[in-house]
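Reviewing the structure listed below.
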Amino acid sequence: KEVGLLDADIYGPSIPKMMNLKGNPELTPKNLMRPLKNYGIACMSMGFLIEETAPVVWRGLMVMSAVEKLLRQVDWGQLDYLVIDMPPGTGDVQLSVSQNIPIAGAVIISTPQDVALLDAHKGAEMFRKVHVPVLGLVQNMSVFQCPKCKHETHIFGADGVRDLAKALGLDILGDVPLHVNIRETCDSGQPVVISQPQSDA
């Protein structure tokens with residue numbers, strides 16, 4: 001399957017670092033940006049267009065314009081799936097994406113604590129209002145296991161996302177543990193599923 005990954009977090013793009021990609025996109029003869037590719041995944045991000053430490057200080061209309069360009073002025077080729085990583089909240093990015101392309105479904109990712117669940121709940125309701133199916137929820141940082149004694153601790157709470165999913169009538173699609181391997185491999189640009197496929201993470 002051909003997969004594309006669009007980093008729609010305009011203010012804080014992190015996909016370039018996590019996917020170990022640097023540089024500016026090349027332009028096609030049709031003046032479209034060509035995605036950068038690693039691990040078999042075509043990626044596009046605002047992070048390819050600005051310096052790594054440069055802040056993006058834009059108002060909403062400029063953010064919406066940037067999202068539209070990342071969607072429409074990129075030569076994605078023939079993809080089976082385009083995964084769009086969006087920032088938290090229900091702001092300009094989410095609205096721009098839902099208005100510009102047909103979306104097969106949204107996955108809500110949240111940590112289990114109450115403060116994060118408020119945003120997750122709003123996000124699910126927003127997608128429903130713009131007629132985007134919510135496929136389910138993922139519980140991030142679900143549990144921490146001590147690397148020495150293997151004792152498990154639910155630092156952010158045990159089942160907050162599960163409770164929210166039940167309240168919304170949605171499925172839980174999975175749990176992502178709070179694991180040092182995930183942090184280290186993300187920082188090094190070598191996703192744990194590639195670099196350590198046998199890891200418990």
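What follows draws every value from the coordinates through simple rules; no lab data is involved. Model, not experiment: these values are computed from the prediction. Ideal geometry is used to build each Cβ from the backbone, glycine not excepted, and the neighbour counts take in all protein chains shown.
Largest mean-square fluctuation among K22, K148, K69, in a Gaussian network model of the chain whose springs join Cα atoms under 10 Å apart, belongs to K148.
At q = 0.19, 0.21, 0.25, 0.26 Å⁻¹, what log₁₀ I(q)/I(0) does a Debye calculation on the Cα points of segment 1-80 give, no solvent, two decimals? Ignoring solvent entirely, the Cα scatterers give -0.81, -0.98, -1.32, -1.40. Rounded to the nearest whole Hz, the Karplus-based 3J(HN,Hα) values (6.51 cos²θ - 1.76 cosθ + 1.60, θ = phi - 60°) of segment 113-123 follow the sequence 7, 4, 4, 6, 5, 4, 5, 4, 4, 4, x, with x at glycine and proline.
Please give the contour-minus-distance gain from S14 to W58: 0.36 nm per residue of separation, less the Cα-Cα distance, rounded to one decimal in nm. Mind showing how you got there, number by number?
On the way: separation 44, 0.36 × 44 = 15.84 nm, distance 1.78 nm.
Taking S14 through W58 to full extension adds about 14.1 nm, to one decimal.
With a 10 Å Cβ neighbour count serving as the proxy for reagent exposure, in which order, fewest first, do H151, H179 appear? Mind showing how you got there, number by number?
Details: H151 8, H179 19.
Fewest-to-most Cβ neighbours within 10 Å comes out as H151, H179.
For the residues D171, D92, D80, what sequence is obtained by ranking on other C-beta atoms within 10 Å, fewest first?
D80, D171, D92
Charged side chains reduced to their Cβ positions (Lys and Arg at +1, Asp and Glu at -1) give segment 62-201 a dipole of some 140 debye around its Cα centre. Over segment 81-182, the alpha carbon radius of gyration divided by the compact-protein estimate 2.2 N^0.38 Å works out to 1.16. Distance from a point 7 Å along Cα→Cβ of Q99 to each backbone N in segment 1-30: keep the residues under 19 Å and list them by number. Counting backbone N atoms under 19 Å from the label point, the list is 8-11.
Taking the fewest neighbouring Cβ atoms within 10 Å as the starting point, the ordered list for D85, D187 is D187, D85.
Helical runs assigned H by DSSP (4 residues or longer) give the chain a calculated mean residue ellipticity at 222 nm of -9000 deg cm²/dmol, each run adding -39500 (n - 2.57) before division by the residue total.
Just the projected area, averaged over all directions, of the convex hull on the alpha carbon atoms of segment 130-201: how many nm²? If you can, show how the numbers build up before the last one.
Numbers: hull surface 25.9 nm².
The Cα convex hull of segment 130-201, projected and averaged over all directions, gives 6.5 nm².
Out of residues 5 or more away from I109 or on other chains, whose amide H comes under 5 Å of its own, with H placed 1.01 Å from N in the peptide plane? Placed amide hydrogens put V138 under 5 Å from I109. Our summary gives the chain a relative contact order of 21 percent, counting only alpha carbon pairs under 8 angstrom and 6 or more residues apart.
Can you tell me, using C-alpha contacts under 8 Å and at least 6 residues apart, the relative contact order of segment 130-201 as a whole percent? Show your work: numbers first, answer last.
Values: 88 pairs, mean separation 23.8, N = 72.
Taking the mean separation of contacting Cα pairs over the length of segment 130-201, I get 33 percent.
Taken over the C-alpha atoms, the chain has Rg and Dmax values of 17.8, 58 angstrom.
Can you tell me what share of the DSSP beta bridges in the chain is antiparallel? A percent to the nearest 5 is fine. Don't jump to the answer; show the numbers that get you there.
Details: 6 of 27 bridges.
Percent antiparallel among DSSP bridges in the chain is about 20.
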